[in-house]
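Q: Mind having a look at this structure? Questions to follow.
The values are calculated or read from the model by the stated rules, or taken from the named source; none is laboratory data. Please read all numbers here as calculations on a predicted model, not as lab measurements. Methodologically, a virtual Cβ is constructed for each residue, glycine included, from the backbone with ideal geometry; neighbour enumeration extends over all protein chains shown. The protein model used for the area step is the full one, side chains on, heavy atoms only, and it has no ligands, DNA or RNA in it. Shrake-Rupley method; radii C 1.70, N 1.55, O 1.52, S 1.80 Å.
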Protein chains: 2
Amino acid sequence: MTYCLAMRLDEGLLFMSDTRTNAGVDNISTFRKLHVFRPGDDRLFVLQSAGSLATTHEVLDRITYALGGPGDSLATVDHLYEAALYVGALGTEVANRHRATLGDNATATFVLGGQVGGEPADIMLVYPEGNYIRASDDRPFLQIGEAKYGKAWLDLAVHAGADLRTAAKIALSSMISTALANLSVGPPYDLGIYERDSYQLQHARIDGDSPYLSRLSDTWNEQMLAAVDLLPDVEPGDITVFPPDHDVAG
Amino acid sequence: MTYCLAMRLDEGLLFMSDTRTNAGVDNISTFRKLHVFRPGDDRLFVLQSAGSLATTHEVLDRITYALGGPGDSLATVDHLYEAALYVGALGTEVANRHRATLGDNATATFVLGGQVGGEPADIMLVYPEGNYIRASDDRPFLQIGEAKYGKAWLDLAVHAGADLRTAAKIALSSMISTALANLSVGPPYDLGIYERDSYQLQHARIDGDSPYLSRLSDTWNEQMLAAVDLLPDVEPGDITVFPPDHDVAG
């Protein structure tokens, strides 16, 4: 499986992806799921993927080789939503071609983020059906893959005013919580930071054995455990007693 | 949906269940999913349920009315595992009878915990297929329903040596995180605390509008957000840069 998340903040965009892939539990490998396309000075795209790795790779190849050609491509779209529909169309086309042998296992889901021309930077969730949604105004993040484990924390912490440095730490703590709870998500973790109107992505990998990741993980876990001690105890006045379903004494 | 969790600790057992039920998103109600049976001075059972509410209610009725009869019941089992198999058999029998009209939607999953005779107290996950597992030695908790949202926190915090008061706070923080991320889980929350060898359950409800729950929730959220500020920043030395998939400049 996979866990990818993206945030749309006032300062820019933040992307984080794990790299673990598995075909069954005994065929585990590491593949990049955060891809960067800069097919012009006025445009920057980040594509994160979950689902079929084969479909994803075919989509990536078709995106890449279309860039030099005469037809539609990420180099020709005028708006980010056109790029989302373009990626969605490629995804459904590739998945449909393999449906006879793979059924729904050939589908892939994407997060596409970036900026085109002078339009605002944004992030979009591109469904296997080829349509898309933008991130919500209230909770400006998107997730694909194993999204549930880290969602409560994002619901609590992500808001448009968060700065990109803080956002990176929020994303990493959501990621390490997910990896703790689900073996199908794991390091290295790929991070992309996009400052608004820069048309350049700062993107880099944080390795699983990096001292930084240990330090972050230890601090996060210590703080979480320390928080329990600060929680108020349940007192008798806080609760109402209900009768048992069956009691020999009653 | 539902979220129930149970822990097996050195001091005893802890149970927590939400009460939200939904048949579609426009038929939301409140039902108890934590049930208490004490059919003798030497035995105490707690049954938590997820899945079909109708199947659960039929199982509960059959458990209750069997207690007064001559056949097998929770009053006659000699071991906790026999109680798990008894509940599992009732669950599969009821679900199978409704399969023609409901398919797999008639199934229910249970956590059964308690103590019988002088044997150790334990918790068991009873599958819709009628079989069961005990909680693991390393991570002595079980979850049913919407288990993913609150799992990372339990993986981190639950260990057999935790005292029951602390365990209640861990369970509540897992519950409020889940409810924050998923509308199908919600208060009031039912809490059961079983002290080893007591054969009595302290069980009570924490209402959604209780000042205690607000206090707990506020403290938990503040502590989580404060933890971010203590996390180390990503520095250039912590990361390795990878090349973009396509760069007009390259």
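Q: Once the Cβ-Cβ distance between B:Asp42 and A:Thr240 is put in as r, and R0 is 25 Å, what FRET efficiency do you end up with, to the nearest 0.05? Intermediate values should be presented prior to the final figure.
A: Numbers: r = 28 Å, r/R0 = 1.14.
According to the calculation, E is roughly 0.30.
Q: Sticking with this structure for a sec: Sort the stretch B:4-83 into rounded, prolate or oblate with this rule: let a ≥ b ≥ c be the square roots of the eigenvalues of the Cα gyration tensor; rounded if a/c is under 1.5, and if a/c is not under 1.5, prolate when a/b is larger than b/c, oblate otherwise.
A: Cα axes put the stretch B:4-83 in the oblate bin.
Q: Further question on the same structure: Probe radius 1.4 Å, ligands and nucleic acids left out: which of A:Ser184, A:Ser29 has the largest accessible area, and how do the rest follow?
A: Working: A:Ser184 20, A:Ser29 45 Å².
The residues order as A:Ser29, A:Ser184, largest area first.
Q: Continuing with the same structure: If I model a spin label as a point 7 Å beyond the Cα along the Cα-Cβ vector, how far apart are those points for B:Arg139 and A:His98 in nm?
A: Once both label points are built, they end up 3.0 nm from each other.
Q: In straight Cα distance, which lysines are under 16 Å from B:Lys148, not counting same-chain residues fewer than 8 positions off?
A: B:Lys148 reaches A:Lys148, A:Lys151.
Q: Could I ask something else about it? I want to check the label-to-label distance for A:Arg196 and B:His57. Put each point 7 Å from Cα in the C-beta direction and report it in nm to one decimal.
A: About 5.3 nm separates the two model spin labels.
Q: Right, something else. For B:Lys33, give me every one of the aspartates and glutamates with a C-alpha distance below 17 angstrom, ignoring sequence neighbours fewer than eight places off in its own chain.
A: Leaving aside aspartates and glutamates fewer than 8 places away in the same chain, those within reach of B:Lys33 are A:Asp245, B:Asp18, B:Glu58, B:Asp61, B:Glu146, B:Asp190, B:Asp207.
Q: How well do other chains shield peptide B:141-152, expressed as the mean number of their Cβ atoms within 10 Å of each residue Cβ? Please report the intermediate quantities before stating the final value.
A: Values: counts 0, 0, 0, 0, 0, 1, 3, 10, 9, 4, 7, 15.
That average works out to 4.
Q: Follow-up. Ignoring ligands, DNA and RNA, what accessible area per residue does the protein assembly as shown give at 1.4 Å, in Å²? Walk me through the numbers before you get to the answer.
A: Working: 20680 Å² over 500 residues.
Roughly 41 Å² per residue, with all protein chains present.
Q: Now, a different point. Give the calculated FRET efficiency between A:Ala23 and B:Asn105 to the nearest 0.05, with a Förster radius of 35 Å applied to their Cβ-Cβ distance.
A: Numbers: r = 30 Å, r/R0 = 0.87.
Calculated value: 0.70.
Q: Another question, if that's okay. At B:Arg215 and B:Asp233, where each label point lies 7 Å from the Cα along Cα→Cβ, what is the point-to-point distance in nanometres?
A: Once both label points are built, they end up 3.8 nm from each other.
Q: What order do you get for A:154-165, B:172-183, B:187-198 when each peptide is scored by the mean count of other beta carbon atoms within 10 Å, highest first? Intermediate values should be presented prior to the final figure.
A: Working: A:154-165: 16.7, B:172-183: 22.7, B:187-198: 19.9.
Most protected by this proxy first, the peptides run B:172-183, B:187-198, A:154-165.
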